[in-house]
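Accompanying notes for the structure given below.
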Amino acid sequence: MHKKKEENKKAENNELKETKQAAPECDCVMLEEKYKRALADYQNLLKQTARDKEEYYKFASEQILYELLPVYDNLKISFVHTDETASQNGWHKGIEHIIKQFADALGRLGVEEVIIEGEQFDYHSMEAVEKIITEDEKKNGLVERVVKSGYKLHGKVIAPARVAVYEFKLKNKI
């Protein structure tokens, strides 16, 4: 019986030694997993921060554009409404050149004018300010004319186009 107790104690001691030796290995594996997770989280944070910064810089000029686009629109409108005598002098050519420079500068900033004449009305990029009654069913919902140009900044609508839209209605014949 005494021998059995000694053997049991030896077996317990061996188990304790194995457990003590295995514990540091478990700690290392667990710490390595935590390190890898923390590193992955940090790398994801860096990527997200870079994307956020890029998005911020892309649209940082949006507030300035809200102020400049009406000036650009008014310049274009005034140019369209000049008479024939003004269009024959150098002043007219100068204004035409300024409008082109303005458009080029806006293009370099990522601004593009929404081209919609004759297109189907799209409430995402347009605002209907007038309905034009038509008897032609094919024209229903098409843009008749642009009242005020719309603009996108890097694909995002910053100023919806104001348009006149055809609406199909049969007129009563009496």
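Selection over the stretch 49-63 of residues that are small (Gly, Ala, Ser) and closer than 14 Å to ILE158 by Cβ gives a count of 2. Of the residues making up the stretch 128-169, those that are of a type in the set (Asp, Glu) and in a strand (DSSP E or B) number 3. Taking every residue in the stretch 120-141 that is farther than 11 Å from ARG162 by Cα and pairing it with any residue that is of a type in the set (Asp, Glu) and exposed (fewer than 10 other Cβ atoms within 10 Å of the Cβ), at least 6 positions away or on another chain, yields no pair with a Cβ-Cβ distance below 7 Å. Taking the criterion of being surrounded by fewer than 14 Cβ atoms within 10 Å (Cβ to Cβ), among the aliphatic types (A, V, I, L, M) and assigned to a loop (DSSP other than H, G, I, E, B), would at least one residue in the stretch 114-123 satisfy it? Within the stretch 114-123 (the criterion being surrounded by fewer than 14 Cβ atoms within 10 Å (Cβ to Cβ), among the aliphatic types (A, V, I, L, M) and assigned to a loop (DSSP other than H, G, I, E, B)), the answer is yes, since at least one residue qualifies. For the residues TYR72, TYR166, the requirement of being in contact with a Lys or Arg (Cβ under 6 Å, 6 or more places away or on another chain), at pLDDT 85 or above, at negative phi and buried (at least 16 other Cβ atoms within 10 Å of the Cβ) singles out TYR166. Please state which one of PHE102, PHE79, PHE59 is within 22 Å of ARG145 (Cα to Cα) and touching a residue at least 12 places away in the same chain (Cβ under 8 Å). Unique residue meeting the criteria: PHE79.
Test ASP73 against the criterion of being charged (D, E, K, R) and assigned to a loop (DSSP other than H, G, I, E, B), and give yes or no.
On the way: charged (D, E, K, R): yes; assigned to a loop (DSSP other than H, G, I, E, B): no.
Criteria not met by ASP73.
Scanning the stretch 76-100 for residues that are part of a helix (DSSP H, G or I), surrounded by 10 or more Cβ atoms within 10 Å (Cβ to Cβ) and of a type in the set (S, T, N, Q) gives SER78, SER87.
The values are calculated or read from the model by the stated rules, or taken from the named source; none is laboratory data. Quick caveat, the model's predicted, so the values are computed rather than measured. A quick note on method: Cβ atoms are made from the backbone with ideal geometry, for glycine too, and the neighbour counts reach across all protein chains shown.
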